[in-house]
Structures are given as structure tokens and as C-alpha cells.
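The values are calculated or read from the model by the stated rules, or taken from the named source; none is laboratory data. Bear in mind that the values here come from a model prediction, so they are computed numbers and not experimental data. All Cβ positions, glycine included, derive from the backbone under ideal geometry; neighbour counts span all protein chains shown.
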């Protein structure tokens, strides 16, 4: 694996076009929904209140992991 300083340079347009793709949103939707059901089962079915910070992190972490890992895989 190449060191991060040895990766190819990128410009902002390339970076934005990579991170705004339907694939990463689809991964976040599927994985985030499964994780949200696991982590907030009671809140989803009305037994307690929904924690919106957990909800946001539950969907954003799979999105970031999928997009950054794909970016690094393409950069090598």
C-alpha cells in the first residue's frame, strides 16, 4: 500500500464528483438502516424517543467509509 503522501494529486472538481455518487448513498442507506434498527430498536418502534445525533452518525459513517475506501482503492 502506498503512503498517503505518494498518492496521485487531485483537484476539487474530481474530489466533489467522486464523493457525490449514488453508490455511496445506496451503501449508506442500506447499512445505515440496518445499524439504526440495531442501535435504536426501541425508538424506531415508538417505545422511546429517537436520538437524532445517533441517527445522523449511523448514516454518515457508512457513507464516509464507502466513499473514502473507494477513493483510496482507485488512487493506488
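With the structure loaded, tell me whether residue 63 is outside any loop (DSSP other than H, G, I, E, B), at negative phi, modelled with pLDDT of 90 or more and touching a helix residue (DSSP H, G or I) at 6+ places or on another chain (Cβ under 6 Å) or whether it fails that test.
Working: outside any loop (DSSP other than H, G, I, E, B): yes; at negative phi: yes; modelled with pLDDT of 90 or more: no; touching a helix residue (DSSP H, G or I) at 6+ places or on another chain (Cβ under 6 Å): yes.
Spelling it out, it is not the case that residue 63 is outside any loop (DSSP other than H, G, I, E, B), at negative phi, modelled with pLDDT of 90 or more and touching a helix residue (DSSP H, G or I) at 6+ places or on another chain (Cβ under 6 Å).
Which residue, of 44, 61, 65, is more than 18 Å from the chain's Cα centre (by Cα) and surrounded by 14 or more Cβ atoms within 10 Å (Cβ to Cβ)? Outline the logic, then answer.
Details: 61 fails: more than 18 Å from the chain's Cα centre (by Cα); 65 fails: more than 18 Å from the chain's Cα centre (by Cα).
44 is the lone residue from the list that is more than 18 Å from the chain's Cα centre (by Cα) and surrounded by 14 or more Cβ atoms within 10 Å (Cβ to Cβ).
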